[in-house]
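To start, the structure under review is shown below, and the notes come after it.
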Amino acid sequence: MFLLLPFDSLIVNLLGISLTVLFTLLLVFIIVPAIFGVSFGIRKLYMKTLLKIFAWATLRMERGAKEKNHQLYKPYTNGIIAKDPTSLEEEIKEIRRSGSSKALDNTPEFELSDIFYFCRKGMETIMDDEVTKRFSAEELESWNLLSRTNYNFQYISLRLTVLWGLGVLVRYCFLLPLRIALAFTGISLLVVGTTMVGYLPNGRFKEFLSKHVHLMCYRICVRALTAIITYHDRENRPRNGGICVANHTSPIDVIILASDGYYAMVGQVHGGLMGVIQRAMVKACPHVWFERSEVKDRHLVAKRLTEHVQDKSKLPILIFPEGTCINNTSVMMFKKGSFEIGATVYPVAIKYDPQFGDAFWNSSKYGMVTYLLRMMTSWAIVCSVWYLPPMTRETDEDAVQFANRVKSAIARQGGLVDLLWDGGLKREKVKDTFKEEQQKLYSKMIVGNHEDRSRS
């Protein structure tokens, strides 16, 4: 046996006391409140303190930039080209008036000057692309002491630099270990808890336990991100037999919503740690997991989703119909699959506050581990969630129109830009049909004018 020296014994005792105190604090201030769904207001006080620090840092930066006479903020943050909402026909008429003696009304034929319209539109799209910029993090106008979010950031003062250094120490030496411990606790309890509940016979008691195990574990994971969430209009929360659809910014959208409601998840079967979690969860709750070979079979997916929603005793399905993460500024095209099965749709709008931490996952730039590390070393994740009134498909409405109506409602409530473009453009080229639409529009304008003139 090894004998511990007095000094070594003291170190061991201090370490044991520290771990005991840490575990007690976690139990009292985080795990127990997560079980009962209550909060002591510590995170909100933390957020108010951060806001005051950010305000001071911003004023200090603005004063320093003014003294040194350099530009602090990037100009034209909302776009670099002023565009008037005019039609193709109106713009070509204007081009012909200024550069040709042949007006469009009098000469319904191709004119060489018409190509300038398409050249200008192409250059505008290259310079100010409203699609691809939705797949990169939005730039903040003020510094949040996380990174150099200003394009022209320069050294301002010693006090500001020291404050940033202290922030790094707090985030990496205190918050990061605490958050990792909480995430490990939440995931472990989720796997163990759902596995144990899965052995119980089906019934109300099993459903009751499953619901509260899921809610408890998701709330612990929310605290692992220091997430401060404001839920609005909770009376509109999704109900059994329905489909919950929301805009998609981050993988943590699932945790944000599941910490306030009980949902059936839909997704592909994975391996590794994610696979262990999925297999444990499905034992306690009827989640809908698809094998890799089944995901591309639209009819099979639609059939299983339809069977789920037709059973009014089953949980609402949680779906993100954009199919990819968008950078918290807009909502892109919803895939029509979940709007074809005839279920009641419960729209949910999620909007993050980027000044505390950027929740957007740029999957083409960061892997999941790197992304989670960035989340856990940010100040906090602050967001608002709005539950919108349930919507159903109208008799004269097809699935695409219904999806667009739901998307518009979400964008309007969340203060997001409503875009018609497909989020799949994040990794794919523009389909030929988009280019053909412009060609058809121009041809229709020329041929239509020619036909109208022939009749007259």
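Could you list all residues from the range 154-211 that are small (Gly, Ala, Ser) and under 26 Å from the mean Cα position of the chain (by Cα)? Result: Gly167, Ala181, Ala183, Gly186, Ser188. Hey, any hits in the range 296-310 for a residue that's of a type in the set (Ser, Thr, Tyr) and under 26 Å from Met391 (Cβ atoms)? Yes. Restricting attention to the range 1-17, the residues that are open to solvent by less than 70 Å² (accessible area, probe 1.4 Å) and either basic (Lys, Arg) or at pLDDT 75 or above (or both) total 1.
Matching residues to (1) at pLDDT 75 or above; (2) in contact with a strand residue (DSSP E or B) (Cβ under 9 Å, 6 or more places away or on another chain):
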position: Gly267; (1), (2): yes, yes
position: Met281; (1), (2): yes, yes
position: Ala284; (1), (2): yes, no
position: Val295; (1), (2): no, yes
position: Gln310; (1), (2): yes, no
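Take Ala359 and tell me if it is under 30 Å from Ile229 (Cβ atoms), assigned to a helix (DSSP H, G or I), modelled with pLDDT of 85 or more and of a type in the set (Gly, Ala, Ser). No, not satisfied. The residues of the range 337-357 that are open to solvent by less than 10 Å² (accessible area, probe 1.4 Å) and of a type in the set (A, V, I, L, M, F, W, C), listed by number, are Phe339, Val345, Val348, Ala349, Ile350, Phe356. Summed over the range 318-344, residues that are touching a helix residue (DSSP H, G or I) at 6+ places or on another chain (Cβ under 6 Å) and in a strand (DSSP E or B) total 3. Taken over the range 258-279, the criterion of being free of Cβ contacts under 8 Å to residues at least 24 places away in the same chain and assigned to a loop (DSSP other than H, G, I, E, B) is satisfied by Val269, His270, Gly271. Criterion first (open to solvent by less than 40 Å² (accessible area, probe 1.4 Å), among the aliphatic types (A, V, I, L, M) and in contact with a His (Cβ under 9 Å, 6 or more places away or on another chain)) does Ile319 satisfy it? So Ile319 fails the test. Within the range 346-371, being in contact (Cβ under 8 Å) with a residue 40 or more places away in the chain and among the hydrophobic types (A, V, I, L, M, F, W, C) holds for Val348, Ala349, Ile350, Phe356, Ala359, Phe360, Trp361, Met368.
Cβ-Cβ distances below 9 Å connect the following pairs, each with a first residue in the range 306-332 that is closer than 25 Å to Asn362 by Cα, a second residue that is outside any loop (DSSP other than H, G, I, E, B) and among the aromatic types (Phe, Trp, Tyr), and a separation of six or more residues or different chains: Pro321/Phe339; Thr324/Phe135; Cys325/Phe135; Ile326/Phe135; Asn327/Phe135; Asn328/Tyr352.
Report yes if Trp289 is open to solvent by 40 Å² or more (accessible area, probe 1.4 Å), in a strand (DSSP E or B) and on the phi < 0 side of the Ramachandran plot, otherwise no.
yes
Is it the case that Trp386 is at pLDDT below 90 and either under 25 Å from Tyr231 (Cβ atoms) or touching an Asp or Glu at 6+ places or on another chain (Cβ under 9 Å) (or both)? The answer is no for Trp386.
At least 1 residues being among the polar types (S, T, N, Q), open to solvent by 20 Å² or more (accessible area, probe 1.4 Å) and touching a helix residue (DSSP H, G or I) at 6+ places or on another chain (Cβ under 8 Å) is the threshold, and among the helices (runs of 4 or more DSSP H) wholly inside the range 155-251 those reaching it are 176-198. Applying the criterion of being among the charged types (D, E, K, R) and in a helix (DSSP H, G or I) to the residues of the range 387-409, the residue that is surrounded by the fewest Cβ atoms within 10 Å (Cβ to Cβ) is Arg405. Considering (1) open to solvent by 20 Å² or more (accessible area, probe 1.4 Å); (2) at pLDDT 85 or above; (3) within 26 Å of Phe360 (Cβ to Cβ), the lone condition that Leu273 does not fulfil carries the number (2).
When Arg412 is tested against (1) charged (D, E, K, R); (2) assigned to a loop (DSSP other than H, G, I, E, B); (3) open to solvent by 80 Å² or more (accessible area, probe 1.4 Å); (4) at pLDDT 75 or above, only condition (2) is not met.
The values are calculated or read from the model by the stated rules, or taken from the named source; none is laboratory data. Not measured: the values here are computed from a predicted model. Note: ideal-geometry Cβ built from the backbone for every residue, glycine included; neighbour counts use all protein chains shown. Quick note on the areas: whole protein, heavy atoms, side chains included, nothing else; ligands and nucleic acids left out. Shrake-Rupley method; radii C 1.70, N 1.55, O 1.52, S 1.80 Å.
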